[in-house]
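To keep things clear, I will list the structure first and then write my remarks on it.
The values are calculated or read from the model by the stated rules, or taken from the named source; none is laboratory data. Please read these numbers as outputs of a predicted model, since none were measured by experiment. Every residue, glycine as well, gets a Cβ built from its backbone with ideal geometry; the counts of neighbours run over all protein chains shown.
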Amino acid sequence: MIHIAAISQPPKGCQEIMVKGVTFKEAADMLLDSHFLIDKKDEILGTIKTERRDINYEKQKGGFIILTIRIKDSSAYINGNCGIDMTSFRQGILEYRIENRGMKGSVIKDAFNLMNEFALSFKRPVEYR
């Protein structure tokens, strides 16, 4: 299901945000300006993956976000993963796909909000998928 930002809030379950009118260079520059470090990029395929970036969320420390962007037909398709480093509790690293779900203050909800803020920072039309 596609929702256009001008008409609605991000729908529950949304896992991807499309930003129209974005070039590969603009996406890379915006990531760097937003304090994301680039792990891998491929200009031919139009893909960028960030390194883990710490996110602070209310319940505990150790949350992180990784964004993946694909530029196709002058649009940026943004999605990613988030998680919690639980190695100090002998549970390893728990990783989830970013999705608009969860309670305020949860790592998944905070990661989605950060991804959404990043998408909206382009100040271009967005669609939630």
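Selection within the range 94-110: residues that are under 21 Å from residue 31 (Cα atoms), hydrophobic (A, V, I, L, M, F, W, C) and modelled with pLDDT under 95. The member of this set that is nearest to the chain's Cα centre (by Cα) is 108.
Has the range 48-63 got any residue that is of a type in the set (Ser, Thr, Tyr) and in contact with a Phe, Trp or Tyr (Cβ under 7 Å, 6 or more places away or on another chain)? Checking the range 48-63: at least one residue is of a type in the set (Ser, Thr, Tyr) and in contact with a Phe, Trp or Tyr (Cβ under 7 Å, 6 or more places away or on another chain). Scanning the range 48-93 for residues that are aromatic (Phe, Trp, Tyr) and either in contact with a Gly (Cβ under 7 Å, 6 or more places away or on another chain) or at pLDDT 95 or above (or both) turns up 57, 64, 77. Under the condition of being in contact with a helix residue (DSSP H, G or I) (Cβ under 9 Å, 6 or more places away or on another chain), outside any loop (DSSP other than H, G, I, E, B) and surrounded by fewer than 19 Cβ atoms within 10 Å (Cβ to Cβ), the residues counted in the range 31-46 number 2.
Listed conditions (1) surrounded by fewer than 18 Cβ atoms within 10 Å (Cβ to Cβ); (2) among the small types (Gly, Ala, Ser); (3) under 20 Å from residue 107 (Cα atoms) are all met by residue 74, apart from (3).
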